[in-house]
Structures are given as C-alpha cells and as structure tokens.
Amino acid sequence: MPMTLEQIVEETRKLPPDQLSELIERITLAAHTAVDPKIEQAWTDTALRRLAEIESGKVKLVPGIEAMARARKIAGR
C-alpha cells in the first residue's frame, strides 16, 4: 500500500537538511518538467530580448533597493 501524504511529510522531517534540500529540488524539477514548449520558448525569447535591451543601453537597470522602495511606495507601505 502506498504511503499517504501525511506519512511522506512525517518521513521528510527525519531527513538531514542537505537531503531535504535535494528532495525539494527534485520535487520542484519534477513539477516543472511538463512545461509547454511554447511557453518555455516565449520566456526564453523575452529574456533574450530584455538582455539585448540592457546591453544596448535601451533600458537601464534599477538597483534592487530602489526597486523595492518603489514597490513599497506603490503598495502604500
């Protein structure tokens, strides 16, 4: 009889941190292997276009701290 989800969770609590990290990575990878190739290609195209815009100087990067400050201002925090 297969293990229940609760049993699996209980077993994972017994794992050392490095093995738990590897398990999480493997589960995450398994969950994302069924990505639609068209969607994956669209993300790749977008990333390459954005990289080209940065390298050409068409757009400027915003430091992370500044981006977070802008986001907080927009969110009203």
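Does any residue in segment 3-19 that is of a type in the set (Asp, Glu) come within less than 6 Å, Cβ to Cβ, of a residue that is at pLDDT below 95 six or more places away or on a different chain, and which pairs are these?
Going by the 6 Å Cβ cut-off, there are no qualifying pairs.
So Leu23 passes all but one of these: (1) at pLDDT 85 or above; (2) surrounded by fewer than 10 Cβ atoms within 10 Å (Cβ to Cβ); (3) not hydroxyl-bearing (Ser, Thr, Tyr). Which condition number does it fail?
Every condition holds for Leu23 apart from (2).
From Val35, Val62, grab the single residue that is hydrophobic (A, V, I, L, M, F, W, C) and touching a Lys or Arg at 6+ places or on another chain (Cβ under 9 Å).
Details: Val35 fails: touching a Lys or Arg at 6+ places or on another chain (Cβ under 9 Å).
After ruling out the rest, the residue left standing is Val62.
Do you know which residues across segment 40-60 are at pLDDT 90 or above and under 20 Å from the mean Cα position of the chain (by Cα)?
Gln41, Ala42, Trp43, Thr44, Asp45, Thr46, Ala47, Leu48, Arg49, Arg50, Leu51
If a residue has to be loosely packed, with under 10 Cβ neighbours inside 10 Å and of a type outside the set (Gly, Ala, Ser) to count, how many in segment 59-75 make the cut?
The total comes to 6.
Which one of the conditions (1) exposed (fewer than 10 other Cβ atoms within 10 Å of the Cβ); (2) within 22 Å of the chain's Cα centre (by Cα) does Pro2 fail to meet, given that it meets all the rest?
Failed condition: (2).
Could you say which residue among Ala30, Ala52 is among the small types (Gly, Ala, Ser), assigned to a helix (DSSP H, G or I) and within 30 Å of Val9 (Cβ to Cβ)?
Residue meeting the stated conditions: Ala30.
The values are calculated or read from the model by the stated rules, or taken from the named source; none is laboratory data. Predicted model, so just to flag it, every value in this text is computed and none were measured. Cβ coordinates were reconstructed from backbone atoms using ideal geometry, including for glycine residues, and neighbour counts include every protein chain displayed.
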